[in-house]
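**Q** My questions all concern the structure below.
The values are calculated or read from the model by the stated rules, or taken from the named source; none is laboratory data. Note that this is a predicted model, so its numbers are computed, not measured. When we count neighbours, we look across all protein chains shown, and the Cβ atoms used for this are built from the backbone with ideal geometry, even at glycine. In case anyone asks, the SASA skips ligands and DNA or RNA and just uses the protein heavy atoms, side chains included. Shrake-Rupley method; radii C 1.70, N 1.55, O 1.52, S 1.80 Å.
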Amino acid sequence: MVSGVVGGMIDVNGLVSQLMEIERQPLNRLQQRETQIQSRLSAFGRVTGAMSALDSALNALSLAKTFTTGKATVNGEGVSAAVSGAPALGRYAVAVTQLARAQSTASAAFDSATTDIGTGTVTVKSADGKTTLATINIGDTGTGTLTELRDEINAAGIGVTATLVNDGAKTRIVLASKDTGAANGFQISTSKKLDSLAFATTQAAQDAKYSINGLALTASSNTVENAIEGLTLTLTKAPPPGSPAGTTIDGEVVVEPDADRVKTAVQDFVKAYNDVEKLIAELTKYDPGSKTAAVLNGESVLRQVQGMMRGVARGAMSAATGDFSRLSEIGVSVQTDGTLKVDDTKLADLATADPAKLSRLFTATSAIDAEQGFAVRLRAAVKSIIEPAGTLQSRQEGLRASIKSIDQQQERLEARLATIEQRLRRQYSQLDALMTSRQSQSNALANALAGLPSLQR
């Protein structure tokens with residue numbers, strides 16, 4: 001007899017739980033299978049991520065500007081330079097005669113910012129006096145002060161800013177052009193009642209004057225874009241005031257091949273390529289000792305990816321006589337494990353000596369695959385694998401479909417198991433009730449029989 005609980009003859013909960021464990025075995029197998037598929041899906045996600053990183057590295061390597069954009073260095077003083085496009089390689093002598101400046105005009109000194117300066121109008125005009133930028137009324141709502149004038153000018157938005165300057169004893173209002181250059185200067189005048197302001201220019205607006213390889217030039221700003229195509233020059237120093245006429249501050253901008261940029265682009269590609277190789281090896285390995293296989297062992301998709309990459313890396317491109325046709329010729333060699341190795345010294349020398357020749361090896365475009373540069377060809381192959389309709393995505397979609405199907409099967413099984421559990425609980429509860437009833441009847445009969453001997457006596 002099965003012992004009961006809480007007065008029952010049968011442990012219904014325990015018995016049903018044991019029976020349901022057996023009933024749940026098909027569901028457990030489905031859950032285990034789903035976990036395995038999820039692991040495969042996650043692993044494929046890692047491969048896709050590594051392939052996307054390789055695509056980014058190949059994108060940089062497939063652009064001609066990676067190889068043709070030079071770097072700018074400066075010898076001497078007076079100028080700094082930054083590459084902003086694709087400047088022609090060469091040397092550019094820059095001589096600075098004067099720097100661009102913004103106009104600065106100051107008022108007379110007053111006891112404080114709130115001293116009564118009178119009432120009237122302040123008119124600000126353009127540098128040539130032809131355009132009125134603002135007419136400002138002072139003191140029309142009360143006592144006129146430097147503070148009021150400052151606030152009115154700054155609120156006008158006319159390209160002139162106003163600031164109060166205190167020398168420790170007196171306060172002045174100082175007006176300044178927001179931008180440098182003669183055209184950005186201004187004229188200021190006051191009505192008669194505000195003559196006490198007595199504005200005087202402390203620094204005149206002026207253009208920068210400089211020359212490039214002897215060609216005289218001017219600019220309204222000390223930052224000059226495309227005076228040399230593809231370069232941004234910043235004029236930093238001019239002869240001190242009072243220098244003899246013709247005095248200049250001289251510097252030389254040298255634009256030369258950026259070997260470091262090329263080397264970095266190739267190294268980034270090699271690292272991304274090797275990351276893919278190592279990840280595939282990790283996810284597909286098999287340990288004969290422990291007889292355990294990695295999560296993507298046996299996946300033919302990854303063998304296709306690996307074969308494609310190695311085929312391009314070890315292959316050759318059709319090139320003109322004298323051009324490079326193999327990666328090994330520039331110091332990028334394939335190792336026995338399929339990864340790539342870079343000879344940095346050889347690569348740097350070639351990037352300096354003939355960047356155009358190196359560029360063609362990676363960036364050449366053609367309708368014929370064999371004539372395409374390595375970066376162009378390999379990137380096209382990588383895209384065909386990671387794009388929405390590509391090999392990796394198709395395999396992952398298949399796994400997602402399997403997971404969806406398993407989820408549907410689990411839902412149906414869960415519903416079926418719930419029905420089975422209800423039926424078992426009902427049946428064993430009824431059995432428990434019946435057995436409890438029979439036990440009660442048995443106990444009553446036993447008690448009745450126990451009383452028979454006393455009746456006989």
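**Q** Has the range 182-201 got any residue that is among the basic types (Lys, Arg), in a loop (DSSP other than H, G, I, E, B), touching a strand residue (DSSP E or B) at 6+ places or on another chain (Cβ under 6 Å) and in contact (Cβ under 8 Å) with a residue 60 or more places away in the chain? Step through it out loud before you land on a result.
**A** Residues of the range 182-201 among the basic types (Lys, Arg): 192-193.
Checking the rest, the ones that are also in a loop (DSSP other than H, G, I, E, B) come to none.
Checking the range 182-201: not a single residue is among the basic types (Lys, Arg), in a loop (DSSP other than H, G, I, E, B), touching a strand residue (DSSP E or B) at 6+ places or on another chain (Cβ under 6 Å) and in contact (Cβ under 8 Å) with a residue 60 or more places away in the chain.
**Q** Can you pull out every residue in the range 71-127 that is under 49 Å from the mean Cα position of the chain (by Cα), in a loop (DSSP other than H, G, I, E, B) and buried (at least 18 other Cβ atoms within 10 Å of the Cβ)?
**A** Applying the first criterion (under 49 Å from the mean Cα position of the chain (by Cα)) to the range 71-127 yields 71-106, 124-127.
Checking which are in a loop (DSSP other than H, G, I, E, B) leaves us with 77-78, 84-89, 99-100, 102-103, 127.
Passing the criteria: Gly78, Pro87, Leu99, Ala100, Ala102, Gln103.
**Q** Just checking, how many residues over the range 218-248 are open to solvent by less than 40 Å² (accessible area, probe 1.4 Å), under 23 Å from Leu89 (Cα atoms) and either of a type in the set (Ser, Thr, Tyr) or not in a loop (DSSP other than H, G, I, E, B) (or both)?
**A** Residues flagged as open to solvent by less than 40 Å² (accessible area, probe 1.4 Å), under 23 Å from Leu89 (Cα atoms) and either of a type in the set (Ser, Thr, Tyr) or not in a loop (DSSP other than H, G, I, E, B) (or both) within the range 218-248 amount to 5.
**Q** If you don't mind, another one. If you scan the range 278-304, which residues turn out to be in a strand (DSSP E or B) and open to solvent by less than 80 Å² (accessible area, probe 1.4 Å)? So that I can check it myself, show each step before the final result.
**A** Residues of the range 278-304 that are in a strand (DSSP E or B), as a first pass: 286-287, 292-293.
The answer is Asp287, Thr292, Ala293.
**Q** What number of residues within the range 262-288 satisfy the criterion of being β-branched (Val, Ile, Thr) and either more than 19 Å from Phe67 (Cβ to Cβ) or touching a Cys at 6+ places or on another chain (Cβ under 6 Å) (or both)? Lay out the reasoning, then the answer.
**A** To start, the set of residues in the range 262-288 that are β-branched (Val, Ile, Thr) comprises 262, 264, 266, 270, 276, 280, 284.
If we keep only those that are either more than 19 Å from Phe67 (Cβ to Cβ) or touching a Cys at 6+ places or on another chain (Cβ under 6 Å) (or both) too, we end up with 276, 280, 284.
Qualifying residue count, the range 262-288: 3.
**Q** Here are the criteria: (1) without any contact (Cβ under 8 Å) to a residue 40 or more places away in the chain; (2) surrounded by 14 or more Cβ atoms within 10 Å (Cβ to Cβ). Tell me which single one Lys65 does not satisfy.
**A** Tallying (1) without any contact (Cβ under 8 Å) to a residue 40 or more places away in the chain; (2) surrounded by 14 or more Cβ atoms within 10 Å (Cβ to Cβ), Lys65 fails exactly one: (2).
**Q** Check Val334, Val342 and return the single one that is open to solvent by less than 40 Å² (accessible area, probe 1.4 Å) and either touching a Ser or Thr at 6+ places or on another chain (Cβ under 9 Å) or not aromatic (Phe, Trp, Tyr) (or both).
**A** Only one candidate passes the filter, namely Val342.
**Q** Tally up the residues in the range 311-324 that are at pLDDT 85 or above and surrounded by 16 or more Cβ atoms within 10 Å (Cβ to Cβ), please.
**A** We begin by selecting, within the range 311-324, every residue at pLDDT 85 or above; these are 311-318, 323-324.
Next, only the ones that are surrounded by 16 or more Cβ atoms within 10 Å (Cβ to Cβ) stay: 312-313, 317, 323-324.
Number of matching residues: 5.
**Q** Being farther than 30 Å from Arg46 by Cβ, without any contact (Cβ under 8 Å) to a residue 24 or more places away in the chain and part of a loop (DSSP other than H, G, I, E, B) narrows it down to one of Ala389, Ala319, Ala418, Ala367, so name that one. First the steps, then the outcome.
**A** Details: Ala389 fails: farther than 30 Å from Arg46 by Cβ; Ala319 fails: without any contact (Cβ under 8 Å) to a residue 24 or more places away in the chain; Ala418 fails: part of a loop (DSSP other than H, G, I, E, B).
Just a single option satisfies the conditions, and that option is Ala367.
**Q** Tally up the residues in the range 42-73 that are of a type in the set (Lys, Arg) and within 14 Å of Lys263 (Cα to Cα), please.
**A** In the first step, residues of the range 42-73 are kept if they are of a type in the set (Lys, Arg); the result is 46, 65, 71.
Pick out the ones that are also within 14 Å of Lys263 (Cα to Cα) and you get 65, 71.
Count: 2.
**Q** Determine whether Asp258 is open to solvent by 50 Å² or more (accessible area, probe 1.4 Å) and under 28 Å from the mean Cα position of the chain (by Cα). Before the answer, list the steps.
**A** Details: open to solvent by 50 Å² or more (accessible area, probe 1.4 Å): no; under 28 Å from the mean Cα position of the chain (by Cα): yes.
Here the answer is no, as Asp258 does not meet what is asked.
**Q** Here is a follow-up. What about Gln38, is it more than 25 Å from the chain's Cα centre (by Cα), free of Cβ contacts under 8 Å to residues at least 24 places away in the same chain and open to solvent by 50 Å² or more (accessible area, probe 1.4 Å)?
**A** Numbers: more than 25 Å from the chain's Cα centre (by Cα): yes; free of Cβ contacts under 8 Å to residues at least 24 places away in the same chain: no; open to solvent by 50 Å² or more (accessible area, probe 1.4 Å): yes.
When the stated conditions are applied, Gln38 does not pass them.
**Q** Which residues, counting only those in the range 345-356, are modelled with pLDDT of 90 or more and either farther than 16 Å from Gln267 by Cβ or of a type in the set (Ser, Thr, Tyr) (or both)?
**A** Within the range 345-356, just Thr345 meets the criteria.
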